[in-house]
1. Please identify the pairs in which a residue from segment 20-49 that is over 19 Å from Lys85 (Cβ atoms) has its Cβ atom under 7 Å from the Cβ atom of a residue that is at pLDDT below 95 and not in a helix (DSSP H, G or I), counting only partners at least 6 apart or on another chain.
2. Specify which of the listed residues (Leu51, Leu25, Leu5) is surrounded by 15 or more Cβ atoms within 10 Å (Cβ to Cβ), at pLDDT below 95, part of a helix (DSSP H, G or I) and not β-branched (Val, Ile, Thr).
3. Out of Arg62, Arg82, which single residue is of a type outside the set (Asp, Glu), open to solvent by 40 Å² or more (accessible area, probe 1.4 Å) and modelled with pLDDT of 95 or more?
4. Going through Arg74, Arg89 one at a time, which residue ends up being open to solvent by 60 Å² or more (accessible area, probe 1.4 Å), under 27 Å from Asp17 (Cβ atoms) and of a type in the set (Lys, Arg)?
Amino acid sequence: MSVLLIVADVDNDGAVDSAKVDAALQDATDEIDAYIGAKYTLPLTSTPSSLVRVCIDIALYRLSPDGAYTEEKRIRYEDAIRFLKSVARGDASLGID
């Protein structure tokens, strides 16, 4: 069973609730923009793969039901936020102009 199905099968019918996933991805994107907007003009003309990974980690963390956060999800989320803060400070780059 995929991680996405585990966290996004709202009615336990064996199918991912795409509206829930879309909302989590939008929330993650908004959170990312709040950080990188301090350093980059938004919207970006292209999406670096580093941001795609960060967006997925944040969305999976947010999709997890209360009390179902694994240690790995929490660490990946915290690492994602640490990276975004580093980008906002100018300590890390997205590799774009």
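The values are calculated or read from the model by the stated rules, or taken from the named source; none is laboratory data. Since the structure is predicted, the reported quantities are computational estimates derived from the model, not experimental observations. Here Cβ is always computed from backbone atoms with ideal geometry, including for glycine, and neighbour counts include all displayed protein chains. Keep in mind that these areas ignore ligands, DNA and RNA; they rest on the heavy atoms of the full protein, side chains included. Shrake-Rupley method; radii C 1.70, N 1.55, O 1.52, S 1.80 Å.
1. If the second residue must be at pLDDT below 95 and not in a helix (DSSP H, G or I), the pairs left are Lys20/Val10; Ser46/Ile96.
2. Leu25
3. Of the residues listed, the single one that is of a type outside the set (Asp, Glu), open to solvent by 40 Å² or more (accessible area, probe 1.4 Å) and modelled with pLDDT of 95 or more is Arg82.
4. After ruling out the rest, the residue left standing is Arg74.
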